[in-house]
Amino acid sequence: MLKRRESRLLDLFTVGLAGDEATYARFLTELATMLRGYFRHRLPQQAGDVEDLVQEVLLAVHNARHTYLPGQPLTAWVYAIARYKLADHFRAYARHGALSEPLDAAQDVLAAPDLEPAQAKRDLNLLLDQLPDRQRLPIVHVKLEGLSVSEAAQMTGMSESAVKVGVHRGLKALAAKIRGTR
Amino acid sequence: MKTDDLISMLATGVPPVDRHVVSRRFGIAVATGAALAILLVAMTLHVRADLADVAVTPLFWAKVALPLSLLLGALWMATRLARPGMPIGACWPGVTAPFAAVWLGALYVITQTPAGERAAAVLGQTWRVCPFNIAVLSVPAFIAVFWALRGLAPTRLRLAGAVGGLLSGAVATLAYCLHCPEMGVAFWGVWYVLGMLVPTAIGAMLGPRLLRW
C-alpha cells in the first residue's frame, strides 16, 4: 500500500517535473489528500488550520521541487517538508495563540464586487494598499485583472514562482486584515 | 484561497525543473568564496615568500590536508542538509575525522617535544592573529554559502547553518595557508581549529533566522 503510493506519486512527480502541467496538478491533488490525512492526525484540536497547512506545504513542495534528489524516497522528502512546516506552525501558534485565518475569507472579499461594486472596490483597494508590492501586484494582476501568472510575472519583473507565492501569501494577509487580527 | 485553486495556479506554466541546482549553487558559492579569500590574502596579508620552497614538502601538504578534507566533508554534508529528508548520519565522519586526526598529530608532536618548549610549539609566532584572520577571510564564503542554502530547502536550520559556517571556515583556512608561516601540527590543532569554529558558531547562531523559508 505504502509502496504503491510512493511509486504512483513518484511517477506523477517525475512527469510533472519535466513540465507536464496536467500531471503535475494531479500530483499536487494526490499530495494534498495525503497531507490532509497527515495534519488531521497531528492537529485534531485545530481542524481549521489543517487546510492552511496543506496549502503551505503544497507551496513549499512546489518552490523546493528542485531539491528532490532522483532516487531519494519521495515520501521521505515530502514528509520532511511537512514536518518542517508543522514545527513552524507550532512555533507561530505558541507566539500568537492562533495561526492565520482561513484563506476562504479573502476569496469572499474578492468575490464581493458583484454585490456592491463601487463600495467593495474602494474597500478592497484600501486593504490592498497596505500590502507590500510583492503581494499586492500579483493579486491585482492575477486575481483582479485576470492575467495569467506568466503575464503578471512579465509585467512586474518578478519570477513566476514569486508571483504565485505573492498571490498566496497576499490573500492570506488580506484575510487576516479583514478579521482585524493584524 | 481554495486548495484546488492553489493547485491549478501552481501547476500553470511550470517550466521543466533544473536538476543540477544544488550542485551549481554550492559550486558557485565555494568558488566565489575561495577566489575572494585568496584575493584578500594577496592584497592585505601577502603570500608567503617561500611558498614555492615549502610547497614541495610533505609537511605543507599535511597542513593543506586539514582544511581541504574539512571542506570536502562540510560540502558533502551541506548539500545533503540542503535537501529535505536526506539522512546525514554517514556525513559525520567527514566533518569530525579531520579534527581527530590533527589533534592526534598534535598530541604526538607535543609528547615528542621537551617540556620547556611545548608552549612555544603550540603558540607559534602568530597565534594572536591566526583565528582572527581566518574568521575575517571566511566572510565572503560565509555570505556565498548562505546565499546557496537560502535558494535550497534546509529543514534543520541550526545544523545547516553550522555546517555552512564550517564550510566557509575551511575555504578561508585553505586560502590562509598561502600566507601562514606556521609549520607546527600543534599550532594548527589549536588556532586553525579555533579560527574555523568562529564561522561555525556564527552559522549555528544565525541559521534558524537566515535560512527560514
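Values quoted throughout were computed directly from the atomic coordinates according to the rules given, and no laboratory measurement underlies them. Model, not experiment: these values are computed from the prediction. Here the Cβ positions follow ideal geometry from the backbone for every residue, glycine too, while neighbour counts run over all protein chains shown.
Across the alpha-carbon set of chain B, the Rg to Rh ratio works out to 1.08, Rh being the Kirkwood radius.
Across peptide A:25-32, the mean count of Cβ atoms from other chains lying within 10 Å of each residue's own Cβ comes to 4.
Between helix B:58-81 and chain B, what is the angle of the helix's C-alpha long axis to the longest principal axis, kept within 0 to 90° and rounded to the nearest 10? So the helix axis and the longest Cα principal axis differ by about 20 degrees. In degrees, nearest 10, range 0 to 90: what is the angle between the Cα axis of helix B:92-112 and the longest Cα principal axis of chain B? For helix B:92-112, the angle is close to 10 degrees. In this structure, the residue pairs whose Cα-Cα separation is over 19 Å, taken from A:K172/B:K2; A:K3/A:K85; A:K3/B:K2, are A:K3/A:K85; A:K3/B:K2. Among B:C91, B:C180, the ranking by other beta carbons within 10 Å of each residue's beta carbon, starting with the fewest, stands as B:C91, B:C180. From its DSSP helices (H runs of at least four residues, each -39,500 (n - 2.57)), the protein assembly as shown gives a residue-normalised ellipticity at 222 nm of -23000 deg cm²/dmol.
Counting Cβ atoms of other protein chains within 10 Å of each residue's Cβ and taking the mean over peptide B:14-20 gives 6. Across segment B:12-55, Cα-Cα pairs farther apart than 15 Å form 66% of the total. Averaged over peptide A:50-60, the number of partner chain Cβ atoms lying within 10 Å of each residue's Cβ comes to 2. Using only Cα atoms, tell me the angle between helix B:157-176 and the longest principal axis of chain B; keep it within 0 to 90° and round to the nearest 10. With both axes taken from Cα atoms, the answer is about 40 degrees. Comparing B:Q112, B:G85, B:V163 along the charge dipole axis of segment B:23-210, the residue lying farthest to the positive side is B:G85, per the Cβ-charge model.
Counting Lys and Arg as +1 and Asp and Glu as -1, each charge on the Cβ, what is the dipole of the protein assembly as shown about the Cα centre in debye, to the nearest 20?
Dipole of the protein assembly as shown, to the nearest 20 debye: 800 debye.
Calculated FRET efficiency, B:D18 to B:T113, Cβ-Cβ distance, R0 = 45 Å: about 0.25 to the nearest 0.05.
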